[in-house]
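Structure first, commentary second.
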Amino acid sequence: MSATPHQPTVTEREARQVAEAAREQDWRKPSFAKELFLGRFRLDLIHPHPMPADEDAQRGEEFLAKLRDFCETEIDSARIEREARIPDETVNGLKELGALGMKIDTKYGGLGLTQVYYNKALALVGSANPALGALLSAHQSIGVPQPLKLFGTQEQKDTYLPRCARTDISAFLLTEPDVGSDPARLATTAVPDGDDYVLDGVKLWTTNGVVADLLVVMARVPKSEGHKGGITAFVVEAGSEGITVENRNAFMGLRGLENGVTRFHRVRVPAANRIGPEGAGLKIALTTLNTGRLSLPAMCVGAGKWCLKIAREWSAAREQWGKPVAFHEAVGAKISFIAATTFALEAVVDLSSQMADENRNDIRIEAALAKLYGSEMGWLMADELVQIRGGRGFETAESLAARGERAVPAEQILRDLRINRIFEGSTEIMHLLIAREAVDAHLSVAGDLIDPDKSLSDKAKAGANAGVFYAKWLPKLVAGQGQLPGAYGEFRREVDLSPHLRYVERGARKLARSTFYAMSRWQGRMETKQGFLGRIVDIGAELFAMSAACVRAELLRKEGDHGREAYQLADAFCRQSRIRVEELFGRLWSNTDDLDRKVVKGVLSGTYAWLEEGVIDPSGEGPWIADATPGAAKRENVHRPIR
């Protein structure tokens, strides 16, 4: 599709260069997941399980107790769903509780919670109502507080963090009507003018944008004398002249979400509001997401816990053919899946969060894997709950209550969770992002070999470097601890988890060998093999989850807190996960990827258009993508700050 007149025309190569420039290039700290993809099972990086400091745990638990009381007494989820809006008094109650400032340092008026307890709080609020969880997450995980914490000046922190901690809601504005995961085509501009920048453009899907007081806006600064230019981040007052929220968007789920379309027309922003240097916007956004992504799987953990509770209560009460439906194997398998997966997903999120708090490891891949795995598994658990509930799972809670049954919003949780596979990085984009990090070691030594723009001398040098690297690396993939029957014996209890950890070690080496073989086979075309790369990442996600589940089970055993049951759940999860891993390994080389590409070409060329005959398209008229030409607003401003 051609670019609109106001939008940059960008080639595929240029788009990749923009994304690559924004990526963190260095690995200054160890990474369990990075090592896993390289075939090295570094259990020592995650075991013994890291623990929060006593004072952090006490502060976190005290807040969770207050938050639980608020959720139980002040949040009316049915009303939010019915009215498609979070009541102002509910938001104000959360403000008074300090929930806007959970991750903000106490010196700025925040609660100073750790990542671990912030995530537990989001799981709690999200279980009460997912739209409320999304509001708090968008405000703190990707809104103004996090980028300022990482990249803001002291003056910016002093000015904005106290507001964000108690009164002001923030939003993050990157996506545009014709710009999603390809930011190289970003069309919103920020033109320098004296001590200001002048913003023009349109932003789409601005979560919290309808009610926001402060915005983080990504805009392109034109290159000029004295200005490096590039995509740049700004803090913008949402009530500034020239800003119009043109529409409050409605979705299949998260009905209370205050998500809109925001237009900027000659909006003046002081240069002092720029976050970081010009051109650093994407790097700031990606770095912010390194830990920000953990909030989404945290809420998926909350959803899994709720699904398990409902599945347990319902399948014990509902009888068919002389016994509770839970004891029919077809239903029991679904319950087992929900229980085991909830345990593993909580293990992944807690482990990643505690590593983020300790700051000893680089967790960019772990957080991305948690987001990917949590969003996919959360959706599957909710889908299985709907199936377990049968017709009642498809019926709305309001309808159930109207005819005298318990108002269980199973269909709502399914709708609410569906977006998690799309926003903050769709599953497909997460596959590519993680795959790029997973093959980073290979590209760093052999990248010039497959780069068509490199000279013969550069390729020769790369070949020599690659030879040295692979001569040392490949032999280590032949044998390892996973082949020793007694390895990981400290995980051998009444239930023996050591075979699963040996499987992970062997699986990591097999994964690395598969990646190397694929690079040797496809070389420069490797980046186009998205099906293969997606399966590589999914295998890594399963191996990471198995590792986290085993480490968490051992932690709970040592603490004397449901240790025996935790070992049982970890064992069940690992056995289920191993079946998925074996299937994924098989599909690396036995798949329909090539045939699928041919079918796609046929579909788009109209070869199979006859297959579409015999139906009516109920879609309305209008363009596929709305016009986003800069200019003055022509619609009413629906912005409504909550006070």
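For TRP522 and GLU83, the difference between the fully extended length at 0.36 nm per residue and the C-alpha to C-alpha distance is 152.7 nm. In this view, the solvent-accessible surface of ASP158, computed with a 1.4 Å probe and all protein chains in place, comes to about 80 Å². Length gained on full extension, GLU559 to ILE616: 14.4 nm, using 0.36 nm per residue less the C-alpha separation.
Dipole magnitude for the chain: computed about the Cα centre from +1 point charges on Lys and Arg Cβ and -1 point charges on Asp and Glu Cβ, it is near 1460 debye. Which of THR287, ALA303, GLY253 sits closest to the plus end of the dipole of region 167-324, meaning its Cα is farthest towards the positive end, when Lys and Arg get +1 and Asp and Glu get -1 on the C-beta? The residue sitting most towards the positive pole is ALA303.
Taking the charge dipole of the chain about its Cα centre, with +1 at Lys and Arg Cβ atoms and -1 at Asp and Glu Cβ atoms, the residue from PRO48, VAL221, ALA356 reaching farthest to the positive side is PRO48. Computed over neighbours whose Cβ is under 9 Å from that of ILE169, the net charge equals -2, Lys and Arg +1, Asp and Glu -1.
Compactness ratio of region 473-557: Cα Rg over 2.2 N^0.38 Å, N = residue count?
That ratio works out to 1.30.
Straight Cα distances below 12 angstrom link LYS34 to the aspartates and glutamates ASP362, GLU366, GLU437, ASP440, with same-chain residues fewer than 8 positions distant left out. Normalised by the number of residues in region 493-643, the average gap of Cα pairs under 8 Å and 6 or more apart makes the relative contact order 24 percent.
Amide H contacts of ALA171: VAL144, LEU214, LEU215, VAL216, each under 5 Å away and 5 or more positions distant or on a separate chain (H built 1.01 Å from N in the peptide plane; Pro and chain starts excluded). On the principal axes of its alpha-carbon atoms, region 585-643 has extents of 57, 38, 24 Å, going from largest to smallest. Rounded to the nearest 500, the 222 nm mean residue ellipticity of the chain from helices alone is -17000 deg cm²/dmol, with -39,500 (n - 2.57) taken per DSSP H run of at least 4 residues. Per-residue Karplus couplings for region 430-440, computed as 6.51 cos²θ - 1.76 cosθ + 1.60 with θ equal to phi - 60°, are listed in order as 4, 4, 5, 4, 5, 4, 4, 5, 5, 9, 4 Hz, Gly and Pro entered as x. Here the calculated FRET efficiency for ASP196 and LYS323, from their Cβ-Cβ distance with R0 = 60 Å, stands at 0.25, rounded to the nearest 0.05.
Under the definition of Cα pairs under 8 Å and six or more residues apart, what whole-number percent is the relative contact order of region 264-341?
Numbers: 25 pairs, mean separation 16.1, N = 78.
This gives 21 percent for region 264-341.
One way to sum up the overall shape of region 135-284 is the equivalent ellipsoid from its Cα gyration tensor, whose semi-axes run 23, 18, 14 Å, largest first. Note on region 216-230 and region 101-160: Cα centroid distance 28 Å, given to the nearest whole angstrom.
Compute the separation of the alpha-carbon centres of region 566-587 and region 356-396 and state it in Å as a whole number. Measuring centre to centre over Cα atoms gives 16 Å. The length gained on full extension between LYS228 and LEU484, counted as 0.36 nm times the residue separation minus their Cα-Cα distance, comes to 86.5 nm.
Per-residue Karplus couplings for region 80-93, computed as 6.51 cos²θ - 1.76 cosθ + 1.60 with θ equal to phi - 60°, are listed in order as 4, 5, 5, 8, 6, 7, 7, x, 4, 5, 5, 5, 5, x Hz, Gly and Pro entered as x.
The value obtained for region 371-417, namely the Cα convex hull volume divided by the number of residues, is 54 Å³ per residue. Between the amide H of LEU254 and those of ASP416, distances stay under 5 Å, these residues lying 5 or more places away or on another chain, with hydrogens modeled in the peptide plane. When each pair of different Cα atoms in region 307-402 is counted once in the 1/r mean, what is the Kirkwood radius in angstroms, to one decimal? Value: 15.2 Å, from the Cα pair sum. Cross-link check: pairs LYS103/LYS305; LYS203/LYS634; LYS120/LYS334; LYS203/LYS223; LYS120/LYS283 evaluated at a Cα-Cα cut-off of 19 Å; pairs beyond the cut-off: LYS103/LYS305; LYS120/LYS334; LYS203/LYS223; LYS120/LYS283. Taking 30 Å as R0, compute the FRET efficiency from the Cβ-Cβ separation of ALA407 and ASP105 and round it to 0.05. Calculated value: 0.15. Peptides 310-318, 116-124 ranked from most to least packed by the mean count of surrounding Cβ atoms within 10 Å: 116-124, 310-318.
Taking amide H atoms as placed 1.01 Å from N in the peptide plane, the amide H of HIS639 lies under 5 Å from those of VAL245, each 5 or more residues away in sequence or on another chain.
Hey, what did the chain get for relative contact order, percent, Cα under 8 Å, at least 6 apart? Relative contact order for the chain comes out at 17 percent. If R₀ is 30 angstrom, what is the calculated FRET efficiency for the pair GLU72 and ILE422, using the beta carbon separation as r and rounding to 0.05? Plugging the Cβ-Cβ distance into 1/(1 + (r/R0)^6) gives 0.50. With θ taken as phi - 60° and the Karplus curve 6.51 cos²θ - 1.76 cosθ + 1.60 applied, the whole-hertz 3J(HN,Hα) list for region 377-385 is 6, x, 5, 5, 5, 5, 5, 5, 4 Hz, x standing for glycine and proline.
The values are calculated or read from the model by the stated rules, or taken from the named source; none is laboratory data. On a predicted model such as this, the values are computed, not experimentally measured, just so you know. Virtual Cβ from ideal backbone geometry, glycine too; neighbours counted across all protein chains shown. We work out accessible area using only protein heavy atoms, side chains counted, and drop any ligands, DNA or RNA first. Shrake-Rupley method; radii C 1.70, N 1.55, O 1.52, S 1.80 Å.
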